[in-house]
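What follows is a single structure, written as structure tokens, with notes after it.
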Amino acid sequence: MKIKVSFLPGGREAQVDEGVCLLEAARLAGVGLEGDCGGLGSCAKCRVIAHEGLAPPTVLEQERLDNQDIAQGMRLACQAQVKGPAQVTLLPSSTARHHILEEGVSRAVRLQPALTKHFLPLDVGDWKRSGPLAAMIRERLGREGVRRADFSVRALQSLGAIDPAGQEGLTALLFQNQVLGFEPGDTSGQLWGLAVDIGTTTVVGYLLDLTHGRIAAVASALNEQQIHGADVITRIDYALHHPQGLDRLRELVLSTINGIIERICQQQGLPDQAIYSLMVVGNTTINQLFWGIPPRLLIRPPYNPIAMEGLSASAKEMGLRINPLGMVFSLPLVSGFIGSDTVGVVLATGLHKSRKPRIALDIGTNGEIVLTDGHRMAACSCAAGPAFEGAHIQCGMRGCSGAIDRVDFKHGRIACHVIDEVPHQGICGSGLVDAVSGLLASGLITADGRLLTRQEAAGSPFADRLSEEPLTQFRLTEKMLPPASRQVVITQKDIRELQLAKGAMLAGVSILLDILDLGPEDIHEVLLAGAFGNYVRPRSALGIGLLPTFPRARIRQVGNAAGSGARMALLSQAAIKEAIRIAERIGHIDLARYPDFQHHFLKGLAFPHELARPDP
């Protein structure tokens, strides 16, 4: 017998079996809860309030929550098991509106989609001609420029299902010379496609009119896979070591995309069957989880994926809610660490066409870097961890409503900007970089990353914000956070997490420069891609040493360039061929095997010695 679990505010409900955790119930109800640790209870981000219908707090909950939290009914959703009907109150951070980056730079392409439609006028006599109907249609398609049209069994089935009575013709859907199916009447003007950037945290879908080459709508969502971890390593572990783990992760990402399809079609007044073509980009792990390929080889040397070429399949066998006659594609991979999303970034920015040294960085949980000297291209992937996205940070959260995204230290005061200008609930990655940069410039953090004590900071206008109870930390905000009177603080552990993340990125940059025999002074342009790269302030990134000082370079934020690359490939077969050449040209550097990696990484942990002073 199913048990009802209700979530407030919003009134969303789920019917679950006894013993299911609240995190899973929330997912079934369409409620997004943070779970950076993949349900292990270590991050304590999935806090909710519930008084009845649950098993008593576990030992882990008692360790992670203080007595005041437990007294007011706070639970960890990943640990609390449903025993009876339950009403769950979400904390403000769980109900916040998420801000997902959708825009990105792009280049013009010639409109030539992989899937095309051809209307074939037929009269009553044509249907009654002697000989196979397919032969006549093949001849008609030949007049349209389609040589030796090949009919799949599915295409012949759809042809046989058309009633010729009252029809003035039919429309053939083709992939190159392969006929995918037929539709009655003239539907040649109805050809839509969806370009999808599947990120570890977020998924963005772009609806394109493939007849005219225009973007009609954009929709995004949090990747439902996050319930099983904030990073790809956690998800690989789940896929390999849990019963039906791979199937579960694949179902979750398909569910996310299907939700985007449903919303975007409703917005445009289209049936979901209007979408015929879907192009996907993502990192290598996400790519394999999407296609249902076990990621076993990605966790052992030499970390190669099963295949690196772009893949394709029929929409019907993929389980996506687009036209069953349609097709699903993905761009090629570079290596086990460099995915099709990086290929998309290079394609969209034209990095591969540059004749001068340029570098592109997609900074996130899995940071990718591509460098060109004007002839060669080299790339690496940095296991930066999720700190740039607010995970594993004590008061960290994603870039959504209520997150502090900008911090300024001025005139002995601290000014914090909150997304949507609502009461603050935590701090996201860009705000964290701002805060640490300000602490460095104010002399409150040493070059090796140690946060000063209040006594050591005597004389600083910010000294009274430092405390050592229960841990060394800096109080960033004045007001208390509901419901447990917590403030937004920057802890010593947070600083260490940021050091590890920026050390990995800086090591990657330094090693690529060494390999291509370049110095920072040779770089003409720095391209910052992805959500974090789009919102972080370059001055703060330089202030903490996330980037080396490029004295001659222009720093340009290019937004969701991976999604832009997917759009280009959806619109143009020439762009797909260009993406294939890009993937073949990029030389992958395995940082773990690079002899001097440890040296560069340890060097990258340190903060710059010459710090910019706060703005006057």
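The table for this structure:
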{"quantity": "Interatomic Cα distance distribution for the stretch 388-497, bins of 10 angstrom, percent", "calculated": "16, 51, 31, 3"}
{"quantity": "Electrostatic dipole magnitude of the stretch 3-95 [Cβ: Lys, Arg +1; Asp, Glu -1; Cα centre; debye, to 20]", "calculated": "180"}
{"quantity": "10 °C / 1.306 mPa s Stokes-Einstein diffusion coefficient of the stretch 1-93, Kirkwood radius on C-alpha pairs, µm²/s", "calculated": "124"}
{"quantity": "For the stretch 273-345 and the stretch 136-212, distance of Cα centres in Å", "calculated": "22"}
{"quantity": "Selected from Ala307, Pro386, Val20, residue furthest toward positive end of dipole (the chain; charges at beta carbon)", "calculated": "Ala307"}
{"quantity": "Furthest towards positive pole of dipole, Gly412, Gly339, Val536, structure part the chain, Cβ charges", "calculated": "Gly339"}
{"quantity": "Dipole-positive endmost among Ala44, Leu210, Phe474 within the chain (Cβ charges, Cα centre)", "calculated": "Leu210"}
{"quantity": "Column: log10 I(q)/I(0), Debye, Cα scatterers of the stretch 349-443, q = 0.11, 0.18, 0.19 Å⁻¹", "calculated": "-0.46, -0.85, -0.88"}
{"quantity": "CD proxy at 222 nm, helix term only [per DSSP H run n ≥ 4: -39500 (n - 2.57); per residue of the chain; nearest 500]", "calculated": "-8500 deg cm²/dmol"}
{"quantity": "Lys, Arg +1 and Asp, Glu -1 on Cβ, resulting dipole of the stretch 115-184 about Cα centre, debye, nearest 20", "calculated": "280"}
{"quantity": "P(r) tail fraction, the stretch 491-598 - alpha-carbon pairs more than 25 Å apart, %", "calculated": "35"}
{"quantity": "Cross-link reach list, lysines versus Lys2, counting only Cα pairs under 17 Å and skipping chain neighbours closer than eight places", "calculated": "Lys83"}
{"quantity": "Fewest-first sequence of Glu168, Glu52, Glu389 by Cβ atoms within 10 Å of each Cβ", "calculated": "Glu52, Glu168, Glu389"}
{"quantity": "FRET efficiency, 1/(1 + (r/R0)^6) with R0 25 Å, evaluated for Leu111 and Gln268 via beta carbons", "calculated": "0.80"}
{"quantity": "Which of Thr472, Thr256 has the fewest Cβ neighbours within 10 Å, and the rest in rising order", "calculated": "Thr472, Thr256"}
{"quantity": "Least to most buried among Ser42, Ser401 (fewest other Cβ within 10 Å first)", "calculated": "Ser42, Ser401"}
{"quantity": "Chain lengthening between Asp517 and Arg593 when straightened (0.36 nm per residue, less Cα-Cα)", "calculated": "25.5 nm"}
{"quantity": "GluC sites (Glu not before Pro) within the stretch 537-616: DSSP coil, no more than 12 neighbouring Cβ in 10 Å", "calculated": "Glu610"}
{"quantity": "Lys, Arg +1 and Asp, Glu -1 on Cβ, resulting dipole of the chain about Cα centre, debye, nearest 20", "calculated": "920"}
{"quantity": "Pairs from Lys45/Lys493; Lys356/Lys603; Lys117/Lys316 whose Cα-Cα separation, in the structure shown, is over 21 Å", "calculated": "Lys356/Lys603"}
{"quantity": "For the stretch 41-59 and the stretch 449-464, distance of Cα centres in Å", "calculated": "36"}
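Laboratory data are not the source of any read-out in this text; all were calculated from the coordinates shown. Everything quoted here is computed from the prediction, not taken from an experiment. For neighbour counting, all protein chains shown are included, and Cβ atoms are generated from backbone atoms with ideal geometry for every residue, glycine included.
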